[in-house]
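Worksheet for the structure shown next.
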Amino acid sequence: MKILVTGGAGYIGSHMVKTLGEKGHDIVVYDNISTGHKDSVLYGRLVIADLADIGALDRLFREESFDAVLHFAAHIVVDESVENPIKYYKNNFSNALNLIEACVRHNVDKFIFSSTAAVYGIPEKDSVSEDTPMLPINPYGASKLMVEQALKDISRSSALRYVSLRYFNVAGADPLSRIGQKYMDATHLITVSLRAALGLRDQLNIFGTDYDTPDGTCIRDYIHVDDLIDAHMLALDYLSSGGGSRVFNCGYGHGYSVREVVDKVKEVTGRDFKAIETGRREGDPPSLVADSSRIKKELGWRPSHDDLEYIIRTAWEWEKKLFNAQGSQT
Ligand code: UFG
């Protein structure tokens, strides 16, 4: 198939391109390289352009006849979305709308959207199904929810069919360490912990130890990026065989506390680092774990890497390679 991958130079998008390329698909990556990297694109043609550029999008859709579009390009830092909501509504919502409009105008009828567990806000129950009320508590989650809403409405008035995948906590890297999280200002727990283990950060802050959880720290459902990519491949097969629009959670269905993750990082890396207990970070739900029964049942998703140690080990190998290559200490 001829497939457009927006954000294909970024962390998750580049893993998608890897898998699509390995399966022999014809790929065009569309990325403005604001947080992505050219050398993360292992297959296909890279078009460096912005989704705000409707002219560039239109030219590309006229040049190429896409069978499907996978939309990863987005800003993802929750704190930043609170400080600068316009940036998030513009890039995550308005630019997504430009892309969806191009699909409708050029008769591309299959669309896969990177959504997020942040659409749920602070859910009442720990195990979150797709029917849990969506009450985002920050502009990041709201901007993603707005795209889901737009897709719902647009799919009713056009031939477009979509799958929205609501990601829980994506982590880990390519087992061959060809690609991984390259973002220098990463805020995610596993990446920050590994950079502390490498000595690139003085310490890791544990944000809150007084939550109503067994050890007082927050619980999250960490999913290996390659399992998430498998979910996309299944979604693509599903839409290709005529499936209608659907929304699926992507998580393993069980979680780990911040302390458990930090302990596992120390064990896997064999390095100690300072983990300092600090106050809560605003907007963190105590526990967020996917009920992923729908995607297992409807798409037959069977994760292969439901193992925190594997997730951390692949990310650790990647981080070591990344910082060695840049001449930093390891
Ligand atoms: N944490 C720390 N110290 C850190 C970083 C994180 O204690 O330095 C804690 C957080 O407080 C949280 C947990 O580790 O309890 C996980 O935090 P992350 O920042 O790694 O991830 P989030 O759960 O905040 O965010 C993830 C996705 C977002 C998505 C959100 C949905 O990365 O894109 O889930 O709630 F919006």
Matching entry among Thr191, Thr213, Thr217 (being surrounded by 16 or more Cβ atoms within 10 Å (Cβ to Cβ) and either away from the ligand (no atom under 12 Å from the Cβ) or within 25 Å of Phe113 (Cβ to Cβ) (or both)) | Thr191
Picking from Lys321, Lys274, the residue that is open to solvent by 70 Å² or more (accessible area, probe 1.4 Å), on the phi < 0 side of the Ramachandran plot, touching a Gly at 6+ places or on another chain (Cβ under 9 Å) and in contact (Cβ under 8 Å) with a residue 60 or more places away in the chain would be Lys321
Out of curiosity, is Gly24 of a type outside the set (A, V, I, L, M, F, W, C), under 20 Å from Ala171 (Cβ atoms) and in the same structural domain as Leu70 (by TED's automatic domain parsing)?
-> no
Only listed residue being in contact with a Ser or Thr (Cβ under 9 Å, 6 or more places away or on another chain), of a type in the set (A, V, I, L, M) and open to solvent by less than 60 Å² (accessible area, probe 1.4 Å), chosen from Leu46, Leu99 = Leu99
All but one of (1) open to solvent by 10 Å² or more (accessible area, probe 1.4 Å); (2) within 16 Å of the ligand (Cβ to nearest atom); (3) closer than 30 Å to Ala150 by Cα hold for Leu200, so report the exception by its number.
-> (3)
Hits in the range 69-96 - residues which are out of contact with any strand residue (DSSP E or B) (no Cβ under 9 Å at 6 or more places or on another chain), open to solvent by 10 Å² or more (accessible area, probe 1.4 Å), of a type outside the set (S, T, N, Q) and modelled with pLDDT of 95 or more = His75, Pro85, Ile86, Lys87, Tyr89, Lys90, Phe93
One residue from Phe61, Phe66 being more than 16 Å from the chain's Cα centre (by Cα), surrounded by 19 or more Cβ atoms within 10 Å (Cβ to Cβ) and in a loop (DSSP other than H, G, I, E, B) | Phe66
Tell me, which helices (runs of 4 or more DSSP H) wholly within the range 227-330 include 3 or more residues that are at pLDDT below 95?
-> 308-325
Find the residue count for the range 158-180, including only residues that are within 11 Å of the chain's Cα centre (by Cα) and within 14 Å of Ala315 (Cα to Cα).
-> 3
Gly279 within 15 Å of the ligand (Cβ to nearest atom) and buried (at least 19 other Cβ atoms within 10 Å of the Cβ) | no
Select from the range 112-170 the residues that are in contact (Cβ under 8 Å) with a residue 60 or more places away in the chain, basic (Lys, Arg) and out of contact with any Cys (no Cβ under 7 Å at 6 or more places or on another chain) and list them in ascending order.
-> Lys144, Lys152, Arg161
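The values are calculated or read from the model by the stated rules, or taken from the named source; none is laboratory data. What you see is a predicted model, and the numbers here were worked out from it, not measured in a lab. Note that we place each Cβ from the backbone using ideal geometry, even for glycine, and neighbour counts take in every protein chain shown. The protein model used for the area step is the full one, side chains on, heavy atoms only, and it has no ligands, DNA or RNA in it. Shrake-Rupley method; radii C 1.70, N 1.55, O 1.52, S 1.80 Å.
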